[in-house]
Amino acid sequence: MKKYAENYSISEMMAAVCSLQLSNDDVAFVGVGIPLMAGAVAAATHAPEVTIVYEGGGVGARSRRMPWTISDTPTTDNALVASTMNRIFSDQQRGYITVGIIGGAEIDKFGNLNTTAIFGKGGSYDHPQVRLPGSGGANDIASSCQRTVIVMRLQKGKFVNKIDFITSPGFLSGPGAREKAGLLGGGPSAVVTDRGLFKFDAETKEMYLDAIYPGMTVEQIKEYIDWDLKVSPHLYEMEPPTEEQIEVMHTLDPMGTVLGSKSLKGGIQPFDVYYEALKKSYQSRTLSL
Amino acid sequence: MKDKRMTLKEAVSKYTWDGCSLNIGSICAREPMAVAHEIIRQGRKNITLITDTTSDPAELMVAAGCFSRIEAAYIWIGVVGQGYNIRRAVEEGIPNYIEIEPYSNYTAGLRLMAGAMGLPFLPTKSLLGSDIITHNPRIKVIDDPYGSGPIALVPAANPDTTFIHVQRSDMAGNCQIWGMMGNDDFASRACKNVIITCEEVVPTSEIRKIPNMTVIPEYAVSAVVELPFGCHPLSVTGCYWMDNPFRQGFIQASRTRDGVMAWLDEWVYQVEDHGQYLDKVGRDRLAKLQELEQDNCMIPEIISRTREEM
């Protein structure tokens with residue numbers, strides 16, 4: 001019997017929904033933040049055989065600790081392979097990676113993503129209103145992975161008709177555009193948000209609402225989206241996270257570094273608190289190697 | 001074996017200069033923080049940074065006004081906070097405007113691979129259809145002469161100097177890396193001057209025991225600097241884990257220009273060298289970071305400096 005969690009945050013719901021996009025057969029590329037947590041949750045719960053691949057070069061790690069970046073030391077704890085970044089991306093271009101999970105700051109209805117810069121009024125690439133990190137590996141994942149899962153919060157002005165900069169290609173201008181551009185990967189398969197799950201129409205390549213989270217309404221969700229959002233005729237309400245999923249998240253991320261951004265809001269953490277919390281976190285986990 | 005050991009001060013003084021092009025080794029883990037501090041102390045300006053992804057060291061050097069141009073895929077802090085300094089530089093020109101030529105991680109690595117192979121460019125199926133191409137005139141899209149359709153070409157990179165931090169090296173620069181390797185194998189062949197900083201200098205006979213682990217051979221290396229805890233507050237596989245509270249201190253300070261200048265003053269300008277920096281961080285704290293890493297990952301027979309001996 002599944003036991004649903006009674007208390008959970010929206011970030012935890014997102015990580016749980018995202019983790020369900022991964023299965024035992026996947027070779028999965030996961031990016032910074034919620035995607036990293038989703039990979040860890042999948043591996044600890046329903047998909048113990050999933051192979052998680054990290055950009056820095058780690059393949060198939062089994063770690064008692066949470067990686068905070070795509071190349072932090074836990075990414076090769078008890079790993080199958082400790083390799084190079086170039087090797088991992090070449091493996092992806094060759095077609096071995098089945099799914100990549102990435103985030104974005106701006107998205108359009110074809111799933112094109114911007115993580116480079118928000119130009120703002122009168123701004124440009126060279127002189128943007130807000131400079132963002134850049135592609136990292138997201139462009140490569142969106143280009144060549146068999147499918148991509150996008151993780152983004154629904155916020156006003158982020159789900160727009162035209163994004164300022166296509167950092168990572170979705171379906172570009174619509175049906176046939178990826179093939180024409182020469183891209184190898186299959187493009188986006190889902191968008192996990194904080195209110196609902198979106199998928200892409202097989203014919204039109206347009207993003208539509210597939211499922212909503214408990215307590216949300218379609219009208220609420222539409223308010224955040226600039227285009228005329230289509231809704232699945234089979235729309236359903238998603239299950240909340242299970243107690244098991246939440247327990248994994250709390251153990252792996254005791255200070256909310258990944259899911260809560262608590263680390264900054266609470267000021268600078270005393271070092272000894274940090275040390276004790278991490279030690280307790282990994283000591284409470286056992287691994288099957 | 002040749003003895004290429006020198007101090008960090010000597011290496012930075014000899015192998016960096018105003019206007020040089022610079023690569024920063026590895027990615028998030030093993031990024032050379034002590035090197036960034038020394039480059040800032042020596043006041044280098046107008047550097048072109050050519051790299052894949054870089055976190056804290058680039059943010060520090062951006063704040064100190066070291067860079068005028070960056071060719072890279074990702075310049076940010078990551079999950080613990082945003083890149084306030086790169087934002088101030090690009091959005092407001094503080095302390096100076098930085099031009100960014102965009103790439104992705106794979107294609108930034110392919111540039112180093114081309115440089116390492118002595119080739120002018122390499123082709124890729126990344127970047128196609130994206131605005132990275134729109135805003136980077138040096139990326140060319142051609143029709144594959146063998147018939148696979150459009151393909152993007154990225155130019156080779158041969159930066160003047162790279163600093164790569166590794167777990168262990170001999171005094172000539174044969175070095176062995178544990179854990180993920182980033183693009184260090186190609187960066188070490190692409191750059192004209194390769195400076196190895198390492199947790200420990202070991203006898204060449206130790207290197208010979210596991211030659212499969214040698215990522216960089218001495219013939220590619222110009223200098224070797226022994227620099228234990230050279231990546232603090234970042235991590236080194238098998239040696240020490242991340243010091244996130246310390247990074248939070250830097251990020252919080254970085255929210256304002258005055259804040260980050262005060263931070264640089266306290267932790268870089270007023271600090272004589274890396275040894276003094278480690279004393280200031282605290283040896284007990286470093287031992288705890290070592291414990292957090294080594295409880296989870298030990299390098300077999302590699303780190304001879306144990307916690308007790310520190």
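Whether a residue is under 19 Å from the mean Cα position of the chain (by Cα) and over 21 Å from residue A:259 (Cα atoms) was assessed, and residue A:32 does not pass this test. Mind checking whether some residue in region A:259-275 is outside any helix (DSSP H, G or I), at negative phi and surrounded by fewer than 14 Cβ atoms within 10 Å (Cβ to Cβ)? Yes, region A:259-275 has at least one match.
Before we move on, is residue B:126 under 30 Å from residue A:164 (Cα atoms), within 14 Å of another protein chain (Cβ to nearest Cβ) and hydroxyl-bearing (Ser, Thr, Tyr)?
Working: under 30 Å from residue A:164 (Cα atoms): yes; within 14 Å of another protein chain (Cβ to nearest Cβ): yes; hydroxyl-bearing (Ser, Thr, Tyr): yes.
Against the criterion (under 30 Å from residue A:164 (Cα atoms), within 14 Å of another protein chain (Cβ to nearest Cβ) and hydroxyl-bearing (Ser, Thr, Tyr)), residue B:126 qualifies.
Of all residues in region B:77-109, those satisfying the criterion of being at the interface with chain A (Cβ under 7 Å from one of its Cβ atoms), aliphatic (A, V, I, L, M) and either in contact with a Phe, Trp or Tyr (Cβ under 6 Å, 6 or more places away or on another chain) or crowded, with 24+ Cβ neighbours inside 10 Å (or both) are B:79, B:86, B:90. What do you reckon, is residue B:164 in a helix (DSSP H, G or I), within 14 Å of chain A (Cβ to nearest Cβ), of a type outside the set (Phe, Trp, Tyr) and surrounded by 24 or more Cβ atoms within 10 Å (Cβ to Cβ)? Criteria not met by residue B:164. The lone criterion from (1) surrounded by fewer than 18 Cβ atoms within 10 Å (Cβ to Cβ); (2) closer than 24 Å to residue A:38 by Cβ left unmet by residue A:225 is number (1).
The rows are residues; the columns are (1) more than 26 Å from residue A:194 (Cα to Cα); (2) surrounded by 24 or more Cβ atoms within 10 Å (Cβ to Cβ); (3) out of contact with any helix residue (DSSP H, G or I) (no Cβ under 8 Å at 6 or more places or on another chain).
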residue	(1), (2), (3)
A:9	no, no, yes
A:38	no, yes, no
A:63	yes, yes, no
A:73	yes, yes, no
A:76	yes, yes, yes
A:87	yes, no, yes
A:91	yes, no, yes
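Exactly one residue among B:65, B:25, B:43 is farther than 22 Å from residue B:132 by Cα, free of Cβ contacts under 8 Å to residues at least 12 places away in the same chain and not hydroxyl-bearing (Ser, Thr, Tyr), and that residue is B:43.
For region B:267-286, a residue qualifies if it is within 14 Å of another protein chain (Cβ to nearest Cβ) and assigned to a loop (DSSP other than H, G, I, E, B), and exactly one does: B:282.
Scanning region A:47-77 for residues that are over 25 Å from residue B:51 (Cα atoms) and at the interface with chain B (Cβ under 8 Å from one of its Cβ atoms) yields A:63, A:64, A:65, A:77. The numbered conditions (1) over 19 Å from the mean Cα position of the chain (by Cα); (2) surrounded by fewer than 23 Cβ atoms within 10 Å (Cβ to Cβ); (3) among the aliphatic types (A, V, I, L, M) are all true for residue B:116 except (1). Of all the criteria given as (1) under 24 Å from residue A:199 (Cβ atoms); (2) under 21 Å from the mean Cα position of the chain (by Cα), the one not satisfied by residue A:173 is (2).
In the set A:74, A:67, which member is at pLDDT below 95 and out of contact with any Cys (no Cβ under 7 Å at 6 or more places or on another chain)? Before the answer, list the steps.
Values: A:74 fails: at pLDDT below 95.
Exactly one residue qualifies, and that residue is A:67.
The values are calculated or read from the model by the stated rules, or taken from the named source; none is laboratory data. Predicted model, so just to flag it, every value in this text is computed and none were measured. Positions of Cβ are generated from backbone atoms using ideal geometry, with glycine treated the same way; all protein chains shown enter the neighbour counts.
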